[in-house]
Amino acid sequence: ERQDAIKKSRSVLAGQLCEQVAPFLPNFPCSHDDVGFIGKPIDFIGFSGMSSETGEIKEIVFIEVKTGNSALSKREQEIRTAIEQKRVRYVEYRIEDV
(Lines give C-alpha, C1' and ligand atoms only; values in the text may rest on other atoms or scores of the structure.)
Protein backbone atom coordinates (compact mmCIF):
# COMPACT_ATOMS: atom_id res chain seq x y z
CA GLU A 1 0.00 0.00 0.00
CA ARG A 2 2.78 2.43 0.94
CA GLN A 3 4.76 1.63 -2.21
CA ASP A 4 1.66 2.38 -4.29
CA ALA A 5 1.25 5.75 -2.56
CA ILE A 6 4.91 6.60 -3.20
CA LYS A 7 4.56 5.62 -6.86
CA LYS A 8 1.45 7.80 -7.27
CA SER A 9 3.15 10.71 -5.51
CA ARG A 10 6.16 10.47 -7.84
CA SER A 11 3.85 10.35 -10.83
CA VAL A 12 2.03 13.50 -9.69
CA LEU A 13 5.31 15.34 -9.09
CA ALA A 14 6.65 14.28 -12.49
CA GLY A 15 3.45 15.52 -14.13
CA GLN A 16 3.71 18.88 -12.37
CA LEU A 17 7.33 19.25 -13.48
CA CYS A 18 6.39 18.40 -17.06
CA GLU A 19 3.65 21.05 -16.98
CA GLN A 20 6.20 23.70 -16.07
CA VAL A 21 8.77 22.78 -18.73
CA ALA A 22 6.30 21.85 -21.49
CA PRO A 23 6.39 25.28 -23.24
CA PHE A 24 10.13 24.80 -23.81
CA LEU A 25 9.82 21.32 -25.33
CA PRO A 26 9.62 20.54 -29.06
CA ASN A 27 6.21 20.63 -30.75
CA PHE A 28 4.53 22.69 -28.03
CA PRO A 29 1.59 24.42 -29.79
CA CYS A 30 2.75 27.99 -28.98
CA SER A 31 5.96 29.89 -28.38
CA HIS A 32 6.88 29.87 -24.70
CA ASP A 33 6.72 33.68 -24.86
CA ASP A 34 3.06 33.49 -25.90
CA VAL A 35 1.70 31.33 -23.07
CA GLY A 36 0.50 32.00 -19.56
CA PHE A 37 0.31 29.28 -16.93
CA ILE A 38 -3.09 28.92 -15.30
CA GLY A 39 -2.79 25.50 -13.67
CA LYS A 40 -6.42 24.80 -12.84
CA PRO A 41 -8.73 23.89 -14.46
CA ILE A 42 -6.52 24.06 -17.59
CA ASP A 43 -2.74 24.30 -17.71
CA PHE A 44 -2.01 27.10 -20.19
CA ILE A 45 -3.63 29.69 -22.37
CA GLY A 46 -1.65 30.67 -25.42
CA PHE A 47 -1.84 33.80 -27.57
CA SER A 48 -0.18 32.63 -30.79
CA GLY A 49 1.72 35.42 -32.48
CA MET A 50 1.86 37.79 -29.50
CA SER A 51 5.67 37.64 -29.32
CA SER A 52 6.16 37.82 -33.08
CA GLU A 53 7.58 40.83 -34.89
CA THR A 54 4.11 42.24 -35.54
CA GLY A 55 2.68 41.19 -32.18
CA GLU A 56 -0.55 40.24 -33.91
CA ILE A 57 -2.45 37.52 -32.09
CA LYS A 58 -3.47 34.91 -34.63
CA GLU A 59 -5.37 32.60 -32.30
CA ILE A 60 -6.03 31.81 -28.67
CA VAL A 61 -5.11 28.27 -27.66
CA PHE A 62 -6.20 26.43 -24.52
CA ILE A 63 -3.54 23.85 -23.63
CA GLU A 64 -3.78 20.92 -21.23
CA VAL A 65 -0.50 19.04 -20.63
CA LYS A 66 -0.70 15.30 -20.02
CA THR A 67 2.02 12.72 -19.45
CA GLY A 68 2.08 9.00 -20.07
CA ASN A 69 -1.35 7.41 -20.21
CA SER A 70 -3.12 10.06 -18.15
CA ALA A 71 -6.56 11.00 -19.40
CA LEU A 72 -8.57 14.20 -19.31
CA SER A 73 -10.64 14.64 -16.17
CA LYS A 74 -14.38 15.12 -16.47
CA ARG A 75 -13.91 18.88 -15.94
CA GLU A 76 -11.18 19.04 -18.62
CA GLN A 77 -13.48 17.20 -21.03
CA GLU A 78 -16.25 19.72 -20.31
CA ILE A 79 -13.87 22.60 -21.04
CA ARG A 80 -12.73 21.00 -24.29
CA THR A 81 -16.37 20.48 -25.35
CA ALA A 82 -17.34 24.08 -24.51
CA ILE A 83 -14.43 25.38 -26.60
CA GLU A 84 -15.16 23.03 -29.51
CA GLN A 85 -18.80 24.12 -29.45
CA LYS A 86 -17.69 27.78 -29.43
CA ARG A 87 -19.33 28.44 -26.07
CA VAL A 88 -16.62 30.99 -25.30
CA ARG A 89 -16.95 34.73 -24.77
CA TYR A 90 -14.95 37.80 -23.88
CA VAL A 91 -16.09 40.00 -21.02
CA GLU A 92 -14.70 43.35 -19.98
CA TYR A 93 -15.39 43.72 -16.28
CA ARG A 94 -15.05 47.36 -15.27
CA ILE A 95 -14.98 48.68 -11.72
CA GLU A 96 -15.91 52.33 -11.50
CA ASP A 97 -14.89 54.93 -8.90
CA VAL A 98 -12.84 52.85 -6.53
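The values are calculated or read from the model by the stated rules, or taken from the named source; none is laboratory data. Keep in mind that this is a model prediction, so the values were computed, not measured. In this analysis, Cβ positions are derived from the backbone assuming ideal geometry, glycine residues included, and neighbour counts consider all displayed protein chains. All accessible areas refer to the heavy atoms of the entire protein, side chains included, with ligands and DNA or RNA removed. Shrake-Rupley method; radii C 1.70, N 1.55, O 1.52, S 1.80 Å.
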### Task
Would you be so kind as to identify which of Phe37, Leu72, Cys18 lies farthest towards the positive end of the dipole of the chain, taking Lys and Arg as +1 and Asp and Glu as -1 on Cβ and the Cα centre as origin?
Leu72
## Note on the structure
Of the accessible area of the chain, computed with a 1.4 Å probe and all protein chains kept, carbon and sulfur make up a percent value of 53
### Query
Tell me, what is the per residue accessible area of the chain in Å², probe radius 1.4 Å?
84
### Task
For the chain, build the charge dipole from Cβ charges (+1 Lys, Arg; -1 Asp, Glu) around the Cα centre, then report which of Ile63, Met50, Ala5 sits farthest towards its positive end.
Ala5
#### Entry: Helical mean residue ellipticity (222 nm; -39500 (n - 2.57) per DSSP H run of 4+; nearest 500) of the chain
-10500 deg cm²/dmol
### Query
Hey, got the dipole for the stretch 22-98? About the Cα centre, +1 on K and R Cβ, -1 on D and E Cβ, debye to the nearest 20?
480
### Query
Mind ordering 59-70, 83-94, 43-54 by average Cβ neighbours within 10 Å, highest first?
43-54, 59-70, 83-94
### Query
Please state the relative contact order of the stretch 7-52 as a whole percent: Cα pairs under 8 Å, 6+ residues apart?
26
### Task
Just need the relative contact order of the chain here, percent rounded to a whole number, with Cα pairs under 8 Å and 6+ apart.
17
### Task
Divide the volume of the convex hull of the Cα atoms of the chain by its number of residues and quote the answer in cubic angstrom per residue.
174
### Query
Cα-based Rg (one decimal) and Dmax (whole number) for the stretch 31-74, in Å?
12.4, 38
